[in-house]
1. Would you check if residue 73 is at pLDDT below 95, surrounded by 10 or more Cβ atoms within 10 Å (Cβ to Cβ) and over 37 Å from the mean Cα position of the chain (by Cα)?
2. How about the stretch 43-64: which of its residues are at pLDDT below 90 and either part of a loop (DSSP other than H, G, I, E, B) or charged (D, E, K, R) (or both)?
3. Please specify each residue of the stretch 67-87 satisfying the condition of being part of a loop (DSSP other than H, G, I, E, B) and closer than 29 Å to residue 57 by Cα.
4. Using the structure shown, decide if residue 10 is surrounded by 10 or more Cβ atoms within 10 Å (Cβ to Cβ), part of a helix (DSSP H, G or I), at negative phi and among the small types (Gly, Ala, Ser).
Amino acid sequence: MTRVNLVLLAVVVACAVSLVASRHQARKLFVALEREQARSRALEVEYGQLQLEQSTWSMPARVEKFAREQLQLRAPGPGRVEIVPLPPEAGTPR
């Protein structure tokens with residue numbers, strides 16, 4: 001009878017240790033998940049800010065102002081503009 005009790009005690013202790021270990025692992029994984037979700041939210045916010053900044057920098061008026069002031073570019077005069085017609089594409093009637 002004592003052996004049976006000792007075996008059952010050993011099984012109960014093993015189950016208890018296993019339960020504690022699995023709960024600890026679950027908590028560690030939950031903390032890691034929360035950390036990655038917070039990082040994901042931060043990256044989404046940064047992506048939105050970068051999209052806004054890109055749209056600001058690529059506005060035609062801003063590009064034109066930069067070209068005029070920083071690069072010293074000017075629009076060509078009417079005599080320097082030449083319009084080149086597109087060649088007809090294959091398979092389209094003229």
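1. no
2. Matches in the stretch 43-64: 58, 59, 62, 64.
3. 70, 71, 72, 73, 74, 75, 76, 77, 81
4. It is true that residue 10 is surrounded by 10 or more Cβ atoms within 10 Å (Cβ to Cβ), part of a helix (DSSP H, G or I), at negative phi and among the small types (Gly, Ala, Ser).
The values are calculated or read from the model by the stated rules, or taken from the named source; none is laboratory data. Note that this is a predicted model, so its numbers are computed, not measured. Cβ: placed from backbone, ideal geometry, glycine included. Neighbour counts: every protein chain shown.
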